[in-house]
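**Q** Provided herewith is a single structure, encoded as structure tokens, for subsequent inquiry.
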Amino acid sequence: MNAILEATIQVLLGVGKEQLTTTRVAARAGVSVGTLYQYFPNKGALLPAALKRHLSAVADATERVCREQHGHPVPQMAAALITAFFAAKMQDPGTSVALYSVSSDVEGAKIVQQITTRSSQAMVAMLISAKPPLSKDPHLVASILQGAMAGVSRRLLESGSPEKHFVSVRDELIAFASAYLQACSA
């Protein structure tokens, strides 16, 4: 199944969403169309599955770093969170950009919401443990951080040369998030 999802991404990058077909994906994966259909009934199932796999990897990184940062000072939390998030999003910039088109579909939007909820829960749990404690609602703070991270990373990825600006943009977002979290601390 992973080979099929990997092939889906490769075909998506090569010909775009509109020209992606199960036949092209099967050929790229080195499997028969019948084998592909054992896992995915149609093109409409391939793209959401690829999106879910990609976003789950980002959420896994976010959840992991949030667990590791429990009880730490907010500047350290901000730096670790943003570093892990950006590393996951930038692991394959082309894939991240290509999947934005899938995330705007109805099924894609549902997947984005589910994964966002996962990440938010991890961030809230981390923020509740902050030293010093936050003086603002951790759900609101997590929402603001998620919005900033998602917005800034998308602009970076769609800039045409994300690798060139990755470090400086990441560092600026860390500074922004650290200042915001410190302002939210008691």
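**Q** Being at negative phi, surrounded by 19 or more Cβ atoms within 10 Å (Cβ to Cβ) and under 14 Å from the mean Cα position of the chain (by Cα), is that true of even one residue in region 158-179?
**A** Within region 158-179 (the criterion being at negative phi, surrounded by 19 or more Cβ atoms within 10 Å (Cβ to Cβ) and under 14 Å from the mean Cα position of the chain (by Cα)), the answer is no, since none of the residues qualifies.
**Q** Can you tell me which residue among Val112, Val97 is among the β-branched types (Val, Ile, Thr), in contact with an Asp or Glu (Cβ under 8 Å, 6 or more places away or on another chain) and open to solvent by 30 Å² or more (accessible area, probe 1.4 Å)?
**A** Going through Val112, Val97 in turn, the sole match is Val97.
**Q** Go over the candidates Thr23, Thr35 one by one and state the one that is among the hydroxyl-bearing types (Ser, Thr, Tyr), open to solvent by 70 Å² or more (accessible area, probe 1.4 Å) and farther than 27 Å from Ser153 by Cα.
**A** Only one candidate passes the filter, namely Thr23.
**Q** From the residues in region 122-147 that are outside any helix (DSSP H, G or I) and among the hydrophobic types (A, V, I, L, M, F, W, C), which one is least open to solvent (accessible area, probe 1.4 Å)? Show your work before the answer.
**A** The first filter runs over region 122-147 and keeps only residues outside any helix (DSSP H, G or I), leaving 129-137.
If we keep only those that are among the hydrophobic types (A, V, I, L, M, F, W, C) too, we end up with 130, 134.
Numbers: Ala130: 3, Leu134: 31 Å².
Among residues in region 122-147 that are outside any helix (DSSP H, G or I) and among the hydrophobic types (A, V, I, L, M, F, W, C), the one least open to solvent (accessible area, probe 1.4 Å) is Ala130.
**Q** Can you tell me which of Ala88, Ala150 is open to solvent by 30 Å² or more (accessible area, probe 1.4 Å) and under 23 Å from Ile9 (Cβ atoms)?
**A** Ala150
The values are calculated or read from the model by the stated rules, or taken from the named source; none is laboratory data. Bear in mind that the values here come from a model prediction, so they are computed numbers and not experimental data. Backbone-built Cβ (ideal geometry, glycine too); neighbour counts: all protein chains shown. Note: areas computed on protein heavy atoms with side chains; ligands, DNA, RNA excluded. Shrake-Rupley method; radii C 1.70, N 1.55, O 1.52, S 1.80 Å.
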